[in-house]
Amino acid sequence: MNNAALFFNTGKNLKEFPDILQDVQEHISNKYSNLISDNPEEQKGQIKSYISKYIMDYSLGVEGLSFDELVEKLYSEMAEFSFLTKYLFRKDVEEININQWRDIKITYTNGEILPTKEKFNSPEHAIDVLRRLLHKSGMILDNSQPIVRGHLSNKIRITVFGTGVIDDDKGISASIRIVNPQKLAKENFIKNGTATEEMLDFLSICLRYGISMCVTGATSSGKTTLMSWLLSTIPDDKRIFTIENGTREFDLVKTDEEGKVINNIVHTVTRYSEDKKQNIDQEKLLESALTFNPDYICVAEMKGEESFAAQEAARTGHAVITTTHANSCEATYFRMMTLCKMKYDINDDTLYSLVTEAFPIVLFTKKLEDNSRKVMEITECEILPNGKRQIHTLFRYHIKENTVKDGKFEIIGKYEKVKDISKSLQKRLLENGMPLSVLESLLSKNSVEEGEEK
């Protein structure tokens, strides 16, 4: 606690917070604007000391707030982003969704979606705070630009709807996606019920021995977190090249106790520019990645023309792992075809042959009604001798029943191994250096015995 707060009498001159805020803002802007430092930390200290002095000089207080709480709230309102500030930098927050000035919902990393206790003072207050937030990253919200999309930092994405797109009395609507990369271990996925140990080992080993794969599902289904873990299981001497769109979520660099980097990682992100010559998109990064002689390429999300280059890389000897948005494993291939057509207008049969050859393994993740994240299915696309494709389900999560108990939604289900990988994929893994003993560990007992008999 501030020592000055010990001598502070909050009961002497109680006011409403907006009134004190206005007084303090006027005081600081008139008296001390020329003294503000360029150093952020020094600036923060100065402003807080000015706020403290002013409210002490006039014995100002707000009912329900201590001296320190009042100083923090005034500072946040003046120099930061009101009550949003504390949510923007929390590790357990995934999204801030502002439906209107008095309806703000927070999505937490455990899946809970809860309303904030705080709200903006008015529609105008909401607009002012969001404009301030956008201004930090050079974005402008006004009548000529009522929709703004961009990045507040390399870890915060934002979409804002302003006047003209929503009703004036609602103020503003915004979706703020906060990237808090979680470094989960295999045990965490098992404990959380995301997948079984057998499924995780299967995916990790397949990627290790050069089998390209795609993680598919909706936003917030856990695709990136799972892909990050899979990449972390790759041996340290193998070179990984990651490509992300605007925001860097991966942090795969490993160091020893002395801070020496022990693995082989190149992290890259796109850079948007209205000048096409200066614009660096995922496709351009992917083209450059091939000159880095990578063992593994990670395209964080296939969402445009880079999809064609990604499947080309996967079909020419590179192990590629990526994500996309689709409703099932099988639908993923049709999604890839649609994205590839953004680059070249190739007929569907040819494209289907290309993308199924490129990504033999697809896993579908989903956030269920009880807020748990599951790998719902893992499939293999087998290329038959006649060139036809056959999709096999290898693993799946089978839901037996959905119930509501004590007001909470419960899902009763279990993971099942449905089928072993095809003989052709087994052959490919052996050719890529997989020891026979490791391959046998992936197969059911009957499959191993059948293989020995033949």
Exercise. From the list (1) 211; (2) 139; (3) 168, can you say which value of volume of the Cα convex hull per residue in Å³ was derived from the structure given?
Worked result: (1)
Exercise. Quick one: how many Å² of residue 132 are accessible to a 1.4 Å probe, rounded to 10?
Worked result: 60
Exercise. Which pairs, out of 191/423; 303/427; 276/343, put more than 21 Å between their alpha-carbon atoms?
Worked result: 191/423; 303/427
Problem set entry | Selection of GluC sites (Glu not before Pro), the stretch 209-275, meeting DSSP coil and at most 14 other Cβ within 10 Å | 257, 258, 274
Exercise. What length, rounded to one decimal in nm, is gained on full extension from residue 334 through to residue 191, with 0.36 nm per residue of separation minus their alpha-carbon distance?
Worked result: 48.2 nm
Problem set entry | Radius, Kirkwood style, for the stretch 293-420 when every pair of distinct Cα atoms is counted (Å) | 16.2
Exercise. Could you give the accessible area per residue of the chain, probe 1.4 Å, as a whole number in Å²?
Worked result: 53
For this session: Positive end of the charge dipole of the stretch 155-195 (Lys, Arg +1 and Asp, Glu -1 on Cβ, about the Cα centre): tell me which of 172, 188, 162 has its Cα farthest that way.
Result: 188
Exercise. So for the stretch 49-149, taking the charge dipole from beta-carbon charges (+1 Lys/Arg, -1 Asp/Glu), which of 93, 146, 104 sits furthest toward the positive end?
Worked result: 146
Problem set entry | Between the stretch 109-142 and the stretch 246-321, the Cα center-to-center distance that results, in Å | 32
Problem set entry | Inter-site label distance for residue 440 and residue 166 at 7 Å from Cα along Cβ, in nm | 6.2
For this session: Calculate, for residue 159 and residue 63, the FRET efficiency according to 1/(1 + (r/R0)^6) with r their C-beta to C-beta distance and R0 41 Å; round to the nearest 0.05.
Result: 0.65
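Quick one: if the Förster radius is 30 Å, what FRET efficiency do residue 198 and residue 386 give, using the C-beta to C-beta distance and rounding to 0.05?
Values: r = 32 Å, r/R0 = 1.06.
It comes out at approximately 0.40.
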Seminar exercise, completed: Rounded to the nearest 10 Å², the accessible area of residue 95 using a 1.4 Å probe with every protein chain kept is 30
For this session: Would you work out which of 222, 285, 314 lies farthest towards the positive end of the dipole of the stretch 172-319? Charges go on Cβ: Lys and Arg +1, Asp and Glu -1.
Result: 222
Exercise. How do 342, 78 stack up against each other in accessible area, from largest to smallest, with a 1.4 angstrom probe?
Worked result: 342, 78
For this session: Please give the solvent-accessible surface of residue 427 in Å², to the nearest 10, using a probe radius of 1.4 Å with every protein chain present.
Result: 120
Seminar exercise, completed: A 1.4 Å probe over the protein heavy atoms gives the chain a carbon and sulfur accessible-area percentage of 46
For this session: Grab the Cα-Cα distance for residue 97 and residue 345, subtract it from 0.36 nm times how many residues apart they are, and report the gain in nm with one decimal.
Result: 85.5 nm
Exercise. Counting Lys and Arg as +1 and Asp and Glu as -1, each charge on the Cβ, what is the dipole of the stretch 194-320 about the Cα centre in debye, to the nearest 20?
Worked result: 260
For this session: State the Cα centre-to-centre distance between the stretch 406-434 and the stretch 330-370 in whole Å.
Result: 19
For this session: Would you mind working out the magnitude of the charge dipole of the chain relative to its Cα centre, with +1 at each Lys and Arg C-beta and -1 at each Asp and Glu C-beta, to the nearest 20 Debye?
Result: 240
Problem set entry | Size of electric dipole in the stretch 52-128: Cβ of Lys, Arg +1 and of Asp, Glu -1, about Cα centre, debye, nearest 20 | 100
Exercise. Using helices alone, what [θ] at 222 nm do you get for the chain, with -39,500 (n - 2.57) per DSSP H run of 4 or more residues, divided over all residues and rounded to the nearest 500?
Worked result: -10500 deg cm²/dmol
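The values are calculated or read from the model by the stated rules, or taken from the named source; none is laboratory data. Everything numeric in this text was worked out from a predicted model, so none of it was measured. Don't worry about glycine lacking a Cβ; one is built from the backbone with ideal geometry, like all the others, and counts go over all protein chains shown. For accessibility, only protein heavy atoms count, side chains too; no ligands or nucleic acids. Shrake-Rupley method; radii C 1.70, N 1.55, O 1.52, S 1.80 Å.
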